[in-house]
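Each reported figure results from applying straightforward, stated rules to the coordinates on display, with no laboratory input. No experiment lies behind these values; they were computed from the predicted model shown. Methodologically, a virtual Cβ is constructed for each residue, glycine included, from the backbone with ideal geometry; neighbour enumeration extends over all protein chains shown.
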Amino acid sequence: MKRQILTFAVVGVVNTATYYCLYLLFLTGLPYLAAHILAFLLSMIGSFFLNARFTYRTRPTWRKFLLFPLTNLTNFLITTAGVYLIVDVLHAGSRFAPLLASAAAIPVTFVVSRWVMLPKAIA
C-alpha cells in the first residue's frame, strides 16, 4: 500500500499540473468556475487511466470508469467550494485558488479511489 500511496501522489501531481494548465488555458475565454469545471472533468479522465495503470495496476473497465467520478465527488465539492471561498469571499484572486483548494481533498480521494479500483482489497 505504501507504493500505491506514493504512486497516487505522483499521479496527483501530474493530474494537478494537467488540471492547472487546462484551467489557465480555459480561463482566457471562460469565467473561472466554468474553466475550473471543464479542466477538472478532463483531468479526471486522465487521472482514471493513470491510476488504473500505475497506482493500482488494474485493468480499466467501463464499470470502474463509470464509478471513478464518485472518487472525485468529494474532491470536486471541496475544491469548488474552496475556489469560490478564495476568489469570491476572500478576494484573493483566481489564478492560484485551485491549487490551494485541492490540498484538503487528497486523503479522501485516495481512500475512495482505492475502493473503486480495488474493491476486493477494501472488503
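Where the only charges are on Cβ atoms (+1 Lys, Arg; -1 Asp, Glu), what is the dipole of the range 14-123 about its Cα centre, to the nearest 20 debye?
For this selection, approximately 620 debye.
Compute the distance in nm between two label points, each set 7 Å from the Cα along the Cα-to-Cβ direction, one at Val111 and one at Cys21.
Between Val111 and Cys21, the label points sit 3.2 nm apart.
Nearest 10 degrees, 0 to 90: what angle lies between the long axis of helix 106-117 and the longest principal axis of the chain (Cα atoms)?
The angle comes out near 40 degrees.
What FRET efficiency do you get for Arg59 and Ile5 if R0 is 22 Å and r is their Cβ-Cβ distance, rounded to the nearest 0.05?
Rounded to the nearest 0.05, the efficiency is 0.55.
Quick one: what are the phi-derived ³J(HN,Hα) couplings along the range 49-66, Karplus 6.51/-1.76/1.60 with θ = phi - 60°, whole Hz, x for glycine and proline?
5, 5, 5, 4, 6, 9, 6, 9, 6, 10, 6, x, 10, 4, 4, 5, 4, 6
For the ranges 2-13, 39-50, 66-77, what's the packing order if you count other beta-carbon atoms within 10 Å of each residue, average per peptide, and put the highest first? Mind showing how you got there, number by number?
Numbers: 2-13: 14.6, 39-50: 18.3, 66-77: 16.8.
Ranking the peptides 2-13, 39-50, 66-77 by packing returns 39-50, 66-77, 2-13.
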